[in-house]
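Note sheet for the following structure.
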Amino acid sequence: MKTNKGDEQVTIIGTGVIIEGKLSSTGDVRIDGNVKGDIKANGNVTVGESGEVDGQINAEVITLGGKVLGSINAKDKLVLESKAFLKGDIITKILVVEAGAKFDGKSSMGEVKEPLIKPVQTSGPPQNIK
């Protein structure tokens, strides 16, 4: 479901919906159902209290109220709400943890870099370009 408010787009994965595979969005995403796979959004990602994600999440601002098993890369801010459960590593500039939130992993704060993606190797020896 998409809702439009001006130029803002929000994709909602409702309760009872199960998605298996990678999810990409140019806008915001709200998850109240289950996603088994990685999520990448150019906007914000919110995992509601009934939401579950088994995979990595990459977005500008990430708010967790549900359960996530996987690493988090929030370019700006990560908020772990009181009922959040996160098992995975965190990379973010700003980390907010409410009382009652559960987090099992490592956290790294500061300048957030793009996720590490290994460059594709072409066959043959490297060439010198002048």
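The values are calculated or read from the model by the stated rules, or taken from the named source; none is laboratory data. Note that the structure is a prediction, hence the values are computed from the model and not measured. Don't worry about glycine lacking a Cβ; one is built from the backbone with ideal geometry, like all the others, and counts go over all protein chains shown.
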Filtering segment 38-71 down to residues that are within 19 Å of L95 (Cβ to Cβ) and polar (S, T, N, Q) yields N44, T46, Q56, N58, T63, S71
Conditions (1) closer than 25 Å to K106 by Cα; (2) of a type outside the set (D, E); (3) surrounded by 19 or more Cβ atoms within 10 Å (Cβ to Cβ); (4) more than 13 Å from the chain's Cα centre (by Cα) -> I13 fails only (1)
Reported set for segment 43-72 where residues are surrounded by 21 or more Cβ atoms within 10 Å (Cβ to Cβ), part of a strand (DSSP E or B) and either in contact (Cβ under 8 Å) with a residue 60 or more places away in the chain or not aliphatic (A, V, I, L, M) (or both) is T46, N58
Item to complete: Please work out if A99 is touching a Ser or Thr at 6+ places or on another chain (Cβ under 7 Å) and in a loop (DSSP other than H, G, I, E, B).
Response: yes
The condition of being at pLDDT below 95 and more than 10 Å from the chain's Cα centre (by Cα) holds, among G27, G48, G37, only for G27
Exactly one of V68, V61, V79 is at pLDDT 95 or above, more than 10 Å from the chain's Cα centre (by Cα), within 17 Å of E98 (Cβ to Cβ) and among the β-branched types (V, I, T), and that residue is V79
